[in-house]
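J.: Structure provided below as structure tokens; questions to follow.
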Amino acid sequence: MRNNLSLTKQRPLKKEVKKKIIILALTIASLITACSSSDSQDCQPTSITMKVNGELQTFEPIGRSIDLEGNGHRLQLDFHRGNSDPFSEQAVSLILRYKKTGQNVIEKIIYFHHTAGYSLDAEITQPQIQSNVEINRTTCFYATFSGTFTNGTLAEEITEAKVSYTYEEPFGNN
């Protein structure tokens, strides 16, 4: 009789343990889902536009990278604009700390514009860059910026630049 009594007492305990394990697993799954969805919230479709000397232009993303440096991770985003003219090309690279957001956190912008008979290669750094980085995550990036690029007597002004870049594949757990 003791054996039967002890068996009936153990069964409800096993059910309780199973129930707690199921609740724990569901809680962990919902936390993982919440974290991954919050990382992708506010991501907008990829769109890169800016006014170059007053003319609105659209660029395409061509690359992104994270480099480990002695003092942290550095993000580089590259954009390109080809034209119907095969001899005309423009490109912009933004360089800043990975995951850093706020006013004037873009550290460097590299710009080039090559066309028949014209070539401007220039870069600007802080404090010549006015920027606002709102999103800088593993899944996407959103920022606005402006600045003037000069090289000798050549100059081009970029204003109203808006970069919304949703990555096809998120960065790893950096």
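The values are calculated or read from the model by the stated rules, or taken from the named source; none is laboratory data. In this text, all values refer to a predicted model and were calculated from it rather than measured experimentally. Glycine also receives a Cβ, built like all others from the backbone with ideal geometry; neighbour counts cover every protein chain displayed. Surface accessibility is based on the protein's heavy atoms, side chains included, excluding ligands, DNA and RNA. Shrake-Rupley method; radii C 1.70, N 1.55, O 1.52, S 1.80 Å.
J.: For segment 37-174, just say rounded, prolate or oblate: build the C-alpha gyration tensor, square-root its eigenvalues into a ≥ b ≥ c, call rounded for a/c under 1.5, and beyond that prolate if a/b exceeds b/c, oblate if not.
T.: It is prolate, given that a/c is not under 1.5 and a/b is the larger ratio.
J.: Please work out how much accessible surface THR153 shows to a 1.4 Å probe, ignoring ligands, DNA and RNA, in Å² rounded to 10.
T.: Counting only protein heavy atoms, THR153 exposes about 140 Å² to solvent.
J.: If R0 is 25 Å, what FRET efficiency do you get for GLU60 and GLN128 from their C-beta distance, rounded to 0.05?
T.: 0.50
J.: Sort out for me the Cα centre separation of segment 64-119 from segment 132-167, rounded to whole Å.
T.: Between the Cα centres of segment 64-119 and segment 132-167 lies a distance of 8 Å.
J.: For segment 61-120, what is the per residue volume of the convex hull drawn over the alpha-carbon atoms, in cubic angstrom?
T.: Values: hull volume 6.0 nm³, N = 60.
Hull volume normalised by residue count: 100 Å³.
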